[in-house]
Amino acid sequence: MTTAASAAPGARRGALISLEGGEGAGKTTVLAALRERLEARGHRVVGTREPGGTPAGEAIRALLLDPRPCDGGLPLVPNAELLLMFASRVQLVETIVEPALARGDTVLADRFTDASFAYQGGGRGLPTGVIAELERAFVRRLPDFTLLLDLDVQAGLARARSRGAPADRIEQERDDFFERVRGVYRARAAAQPERISVVDAAPPVEAVVRAACAALDGFLDHWGSA
Ligand SMILES: Nc1ncnc2c1ncn2[C@@H]1O[C@H](COP(=O)(O)OP(=O)(O)OP(=O)(O)O)[C@@H](O)[C@H]1O
Ligand SMILES: [Mg+2]
C-alpha cells in the first residue's frame, strides 16, 4: 500500500524542475503539458508558483504585484522586493518543496530562484552576491532541471497584455528592465548548460510544448529511478 510518505512502487525519484522566462513567455501555458509528461513517466507531481504557492506566499504575492503605491505614494523599495521574494520562496521551500521531494514527488515550479537573479539582480540591479547569499542561506538547493522559455521582450509583453488583466507592478516596468531580465536569464543558461535548457518560445504553443517536452525527456532519461 502506498502512503503519503513513501514513493509508489515503480515511481521515479522526485526532481525539482523549474520553468523560467520573462513576462508572457508561456511558462504557465506549457506547465500542464509538462505535468502530463511527468505523470506519464511515473512521477507524482506537485505544482508550485512564485511568488506565492502557499497561503503566506500568496499574501506576499499580492503585495509584490499590486501596482498601487504602498507607502503614501512611495514605491516598494528594491531591497524590500528582494526580501519579500525570498520570504515567499523560503515558505514554499520549507512547507511544500522539501516535503514533496522527501516523499519522492517531483516539484514542477513556475519560477524559482533564477527569477530573483533575473528580476531583482538584472532588472533592479541589486548585487548578485547578495542574492547568491540568500539562496545559499535559505533555499539551499538548485533545481535539478530548468527550462528557460526565451522570447523577445516585446512579443512577451504583447502576449501578457493580450490576457486582458490589468498590468501588475512588475509588468508596468520599462522595456530596458525586461531586456536586463532576459539578458541575465540567457547568461545563466549559457553558464549552466547542464542544468538550464533554453527553448525558443516564439513559435506557436504546440511547437513550444513539443520542444519543452523533448528537453524534459532529455533530462528524465538521465534522471535515476528510485
Ligand atoms: N507560443 C505561444 N504563442 C502564442 N501565444 C502564447 C504562446 N504561449 C503562450 N501564449 C499566450 O500568451 C499569454 C501568456 O502566456 P502565459 O500566461 O503562459 O505566460 P507566462 O510566462 O506564464 O506569463 P507570466 O510571466 O505573466 O506568468 C497567454 O494568453 C497564452 O495563451
Ligand atoms: Mg505565468
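The values are calculated or read from the model by the stated rules, or taken from the named source; none is laboratory data. All figures in this text were calculated on a predicted structure; none of them were measured in a lab. Here Cβ is always computed from backbone atoms with ideal geometry, including for glycine, and neighbour counts include all displayed protein chains. Surface areas here come from the heavy atoms of the whole protein model, side chains and all, with no ligands, DNA or RNA. Shrake-Rupley method; radii C 1.70, N 1.55, O 1.52, S 1.80 Å.
Accessible area of Val130 (1.4 Å probe, protein heavy atoms only, ligands and nucleic acids ignored): about 70 Å².
Please check which bits of segment 79-118 a label hung off Leu63 would reach, taking the label as a point 7 Å along Cα-to-C-beta and the cut-off as backbone N under 17 Å. Output list for this probe position: 79-93.
Taking amide hydrogens as placed 1.01 Å from N in the peptide plane, the amide H of Gly21 sits under 5 Å from those of Leu149, each at least 5 positions away in sequence or on another chain.
Note on Glu133 and Glu206: the extension gain reaches 22.4 nm, defined as 0.36 nm multiplied by sequence separation minus the Cα-Cα distance. With all protein chains in place and a 1.4 Å probe, the accessible surface of segment 16-220 carries 58 percent carbon and sulfur.
Can you tell me, using C-alpha contacts under 8 Å and at least 6 residues apart, the relative contact order of the chain as a whole percent?
Answer for the chain is 33 percent.
Out of every Cα-Cα pair that the chain contains, those further apart than 22 angstrom amount to 51 percent. Extension gain, Arg41-Ala191: 0.36 nm per intervening residue step, less the Cα-Cα distance, totals 51.1 nm. In the context of the full set of protein chains, segment 16-220 has a per residue accessible area of 45 Å² (1.4 Å probe). The translational diffusion coefficient of segment 78-121, from Stokes-Einstein at 20 °C and 1.002 mPa s with a Kirkwood hydrodynamic radius over alpha carbon pairs, comes to 190 µm²/s. Along segment 46-52 the Karplus relation, 6.51 cos²θ - 1.76 cosθ + 1.60 evaluated at θ = phi - 60°, assigns HN-Hα couplings of 10, x, 9, 9, 10, x, x Hz to successive residues, with x for each Gly and Pro. Taking θ as phi - 60° and the Karplus parameters 6.51, -1.76 and 1.60, the scalar couplings of segment 113-119 work out to 5, 3, 5, 6, 4, 6, 7 Hz in sequence order, x denoting glycine and proline.
All other residues whose Cβ lies under 14 angstrom from that of Ala187 are scored, Lys and Arg at +1 and Asp and Glu at -1, for a net of +1. Compute the distance from the alpha-carbon center of segment 73-87 to that of segment 134-159, in whole Å. About 19 Å separates the Cα centre of segment 73-87 from the one of segment 134-159.
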